[in-house]
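*Asks:* Questions regarding the structure given below will be posed in turn.
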Amino acid sequence: MASLRDDLFAPAFECNGKRVAAHTFYAVACDPRRSVAVQACAGAGKTWMLVSRMVRALLDGMDQDGKLQVRPHEILAITFTKRAAGEMRARLYQWLREFSTAAPQALIKELHSRGVVIQDSPQSPSLLPEQLSNLYQSILSDGREVQIRTFHSWFAALLGAAPLAVLQRLELPPRYELLEDDAQPMAQVWRHFYAALTQDSAQGRALKLDFETAVRTYGRTQTHRALQNALDRRTEFALADAHGVVDASVQGFARQHPAFAGLDSPEDCLRSDVGCRQILLDAAQALGRASAKGFAASGADLQSALDNGDFEAIFDALMTRTGTARKFSDKLAGLASVRAAQTLVTQIRQASDQHAAWQHQQRMARLTRVLLAEYRELKRQRGWIDMNDVESAALFVMRDPVLSGWVQERLDARIKHLLVDEFQDTNPLQWQALKCWLEAYGGAGGAPPSVFIVGDPKQSIYRFRRAEPRVFHAATDFVREVLGGAVLRCEHTRRNASAVLATVNAVMGEAAQRDGYPGFRPHTSSSQAPGRVGRLPAIARPQEVAPAMRALGWRDSLRTP
């Protein structure tokens, strides 16, 4: 039978910001009557805590006759892969089977390790060991299992129970095939996208021009990559676009540089603004009168560029390749005119860059809308629904208190205990759906389920699925502030050798002191494994940047943003 040794590594365990002993930490974590958010390192027993909490929830809801007050299907545990769900389910039922044949003293030990205080005496013996022994049979007799599911399987169940009007509102087919892998529609959509760009219509021609301009500017590979990234994040794009965020995310040059308001492009000021042109003419004449041949040549180049209306040549005459002002002698007559011209072209270049960025962003937004529309149409024709659709539908359902309650009634599962494993891999949409659902309980006048989330932001691996470690911190705040729950932190592991952790603590501790790194807390270990740490020779940082690197505008990317 599995249990955690009662190690008193107080520095490694925290409850609500205070140091606690290990047994206190695990007692709080396993208590199903309170909501808890646990941030724990690898090897801290995260899955042990989660499954132990299931056992406690079932046991605490058992009456003296052995009847379950918390029924198995009223416990919902969510994880991210079918494999993890299967392992969690296997561990739960393995424990229950072992408990059913264990001796009373062994059962008392198991209960104690999970925070159960047993008031036992010869006159009034505790029923808890016997109830724990009978728990397996009680669950089998109930006929329903604990719900241990992936996020997507649970969301799919919500979608299956939703009214037809919800599917129509979300433009989803009433009969569909759920795709767990969207590789097929992802590969097929491009043919439809390119067909839309070649339509013989005003819209088709405009879209084709957008695409050709993007390819000409940034290349076919980068353009395709940008569109693929938008397709990967189609849910976020659609939500942002519906609220006007996409169009407003990059400002036009006139908003950023009001001095150029009313112009079609910043360079138009050289043709329409007499004052701007005069500033440049004065600079050209000042340089042309200079005795130094180099200065005079710059003046001639500037005059020629003005005559031809060539802004790039104007810029080159006054500025260096890196965009800094060319240096002219302080003794130059009319130097103030030259400095004014350099300031002007710098402002024009900044506004021009802003204009180009805005044009490209708007161009890619138009192309993305077409790509996403073709993707939706392709799925509709094939009768496909992907995981993003499932998440969006779950959020739509859970945001509505009436719909949420109706769906829960259809599913015949008033959840009393919610547990989420590996919470650091939750994406914002998944958390928003859960959050709306939990808040809906209060709106309906009911008590929300007890909530247990566990994970480690340092171990987030599903960024390609839009996982966002900061969601963990937002959910932790929700558990503490809205649900009145406890926040637990643990940096004690049973896996890593002490020598390895000593090195990690030394290196990261120095980094925290020197650079103010806030995310690290010292780790401890109960592992008795021998540890060996190797060290590579340090490579000294060059004291001076090589001239060739300086000419390319080299910067130390570790220190300079």
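Matching residues to (1) touching a Cys at 6+ places or on another chain (Cβ under 7 Å); (2) free of Cβ contacts under 8 Å to residues at least 60 places away in the same chain; (3) open to solvent by 40 Å² or more (accessible area, probe 1.4 Å):
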{"position": "F315", "(1), (2), (3)": "no, yes, no"}
{"position": "L318", "(1), (2), (3)": "no, yes, no"}
{"position": "A325", "(1), (2), (3)": "no, yes, yes"}
{"position": "A340", "(1), (2), (3)": "no, no, yes"}
{"position": "T343", "(1), (2), (3)": "no, yes, yes"}
{"position": "Q347", "(1), (2), (3)": "no, no, yes"}
{"position": "A351", "(1), (2), (3)": "no, no, no"}
{"position": "A356", "(1), (2), (3)": "no, yes, yes"}
{"position": "Q359", "(1), (2), (3)": "no, yes, yes"}
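*Asks:* Restricting to the range 469-522, and then to whatever is in contact (Cβ under 8 Å) with a residue 60 or more places away in the chain and small (G, A, S), can you tell me which residue is nearest to G17 (Cα to Cα)?
*Replies:* If we take residues in the range 469-522 being in contact (Cβ under 8 Å) with a residue 60 or more places away in the chain and small (G, A, S), then A486 is nearest to G17 (Cα to Cα).
*Asks:* In this structure, is D330 of a type in the set (D, E) and either surrounded by 12 or more Cβ atoms within 10 Å (Cβ to Cβ) or under 42 Å from the mean Cα position of the chain (by Cα) (or both)?
*Replies:* no
*Asks:* Here is a follow-up. Is it the case that the range 493-501 has a residue that's over 30 Å from the mean Cα position of the chain (by Cα), more than 30 Å from A27 (Cα to Cα) and at pLDDT 80 or above?
*Replies:* Checking the range 493-501: not a single residue is over 30 Å from the mean Cα position of the chain (by Cα), more than 30 Å from A27 (Cα to Cα) and at pLDDT 80 or above.
*Asks:* Could you tell me which of the residues R220, R169, R225, R234 is under 29 Å from the mean Cα position of the chain (by Cα), open to solvent by 30 Å² or more (accessible area, probe 1.4 Å) and touching a residue at least 24 places away in the same chain (Cβ under 8 Å)?
*Replies:* Residue meeting the stated conditions: R169.
*Asks:* When you scan the range 18-28, how many residues do you find that are over 8 Å from G115 (Cβ atoms) and out of contact with any Asp or Glu (no Cβ under 7 Å at 6 or more places or on another chain)?
*Replies:* The number of residues fulfilling the criteria is 5.
*Asks:* Further question on the same structure: If you check D456, D425, D477, which single one turns out to be at negative phi, at pLDDT 80 or above and buried (at least 23 other Cβ atoms within 10 Å of the Cβ)?
*Replies:* Exactly one of D456, D425, D477 is at negative phi, at pLDDT 80 or above and buried (at least 23 other Cβ atoms within 10 Å of the Cβ), namely D425.
*Asks:* Ok, one more. Go through the range 256-276 residue by residue and tally those that are in contact (Cβ under 8 Å) with a residue 12 or more places away in the chain and either open to solvent by less than 80 Å² (accessible area, probe 1.4 Å) or among the hydrophobic types (A, V, I, L, M, F, W, C) (or both).
*Replies:* 9
*Asks:* Okay, next question. When the range 262-308 is examined, which residues are found to be of a type in the set (G, A, S), more than 16 Å from L344 (Cβ to Cβ) and under 47 Å from the mean Cα position of the chain (by Cα)?
*Replies:* G262, the sole residue that qualifies.
A quick yes/no check of all residues on (1) at pLDDT below 90; (2) under 15 Å from I453 (Cβ atoms):
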position	(1), (2)
K18	no, no
T24	no, no
V28	no, yes
D31	no, yes
R34	no, yes
V38	no, yes
A44	yes, yes
W48	no, no
M54	no, yes
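The values are calculated or read from the model by the stated rules, or taken from the named source; none is laboratory data. Computed from a prediction, not measured in an experiment: that's the story for all the values here. We place every Cβ from the backbone using ideal geometry, glycine too, and count neighbours over all the protein chains shown. Only protein heavy atoms, including side chains, enter the accessible area calculation; ligands, DNA and RNA are left aside. Shrake-Rupley method; radii C 1.70, N 1.55, O 1.52, S 1.80 Å.
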